[in-house]
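Quick notes on the structure that follows.
The values are calculated or read from the model by the stated rules, or taken from the named source; none is laboratory data. Quick caveat: nothing in here was measured; it's all calculated off a predicted structure. With ideal geometry, Cβ positions are generated from the backbone for all residues, glycine too; neighbour counts draw on all protein chains shown. Surface areas here come from the heavy atoms of the whole protein model, side chains and all, with no ligands, DNA or RNA. Shrake-Rupley method; radii C 1.70, N 1.55, O 1.52, S 1.80 Å.
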Amino acid sequence: MRQVVLDTETTGIGEGHRIIEIGCVEVIERKLTGRQYHVYIDPQRDIDPEAANVHGITNEWLQERNAPVFARVADEFREFIQGAELVIHNAPFDIGMMDAEFRRLNLSLTREFCGVLDTLLLAREMHPGARNSLDALCKRYDVDNSQRELHGALLDAQILAEVYLMMTGGQTALALPDEEQAEEVVEVDLGDLDLSTLELRVVKASADELAAHEKMLDLLDKKSGQAVWRR
């Protein structure tokens, strides 16, 4: 199964806003392949100051790097995600932004050529009532997010890939019994079972096994005096 863990950064939230960064990480059969897709995009509109505070990307920064417009990268982006299951945290937002870009170019929408798995919904099902932001999940599953001072699409996709794999197949905490369960006594009714009719089967050591045992006792004698099994 091929999955692509995906994240985007945008000029803001709401109608008319545009994508300015896309980050993708490929996972095949639950293994990171090392293949990635990452691009910065000229949104052809102003970036909201509130959004810039979150991801640190400004219009001037994009212009300095000659970031392409979305139309120039649409085909290569769609080729990378084609046929994959997209793993996205809060998928409706990213899918909505992607579909808005595709509509501008009269292209088919995301769900027409990709599957979608929303890790936010998955986390809410697994941990009802708990905080399920990406940072909260990193803490819960012991995933290092110390480099995440600002949001970045590729970094967040890499972190989400680790979190998702831990959520769906990593180690979980041992389910230890509480005090009431630990003190509970389980009684087994043997009924009319007649234990006197049962024979205890005794399996004796072979000659080779006895000889090997004696050699081990000889080694113990030399190391710490007479072995306790000979006393």
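Return yes or no: is ASP94 open to solvent by less than 40 Å² (accessible area, probe 1.4 Å), closer than 25 Å to TYR164 by Cβ, in contact with a Gly (Cβ under 7 Å, 6 or more places away or on another chain) and in contact (Cβ under 8 Å) with a residue 12 or more places away in the chain? No; evaluated as a whole, the condition is false for this residue.
Selection of region 4-31 for residues being farther than 18 Å from GLY83 by Cα and surrounded by 15 or more Cβ atoms within 10 Å (Cβ to Cβ) yields THR8, GLU9, THR10, THR11, GLY12, HIS17, ARG18, ILE19, ILE20, GLU21. Restricting attention to region 43-66 and to residues that are assigned to a loop (DSSP other than H, G, I, E, B) and in contact (Cβ under 8 Å) with a residue 40 or more places away in the chain, the residue that is nearest to LEU134 (Cα to Cα) turns out to be GLY56. Taking (1) assigned to a helix (DSSP H, G or I); (2) open to solvent by 40 Å² or more (accessible area, probe 1.4 Å); (3) within 29 Å of TYR141 (Cα to Cα) in turn, ARG111 satisfies each apart from (3).
When we screen GLY56, GLY34 for residues that are loosely packed, with under 15 Cβ neighbours inside 10 Å and farther than 18 Å from ILE13 by Cβ, the only hit is GLY34. Is at least one residue of region 69-84 open to solvent by 50 Å² or more (accessible area, probe 1.4 Å), outside any helix (DSSP H, G or I) and at pLDDT 95 or above? Looking through region 69-84, at least one residue is open to solvent by 50 Å² or more (accessible area, probe 1.4 Å), outside any helix (DSSP H, G or I) and at pLDDT 95 or above.
The set of residues in region 115-161 being closer than 30 Å to GLY83 by Cα, within 11 Å of the chain's Cα centre (by Cα) and not in a helix (DSSP H, G or I) consists of TYR141, VAL143.
None of GLU21, GLU26 is under 11 Å from ALA157 (Cβ atoms), touching a residue at least 60 places away in the same chain (Cβ under 8 Å) and part of a strand (DSSP E or B) except GLU21.
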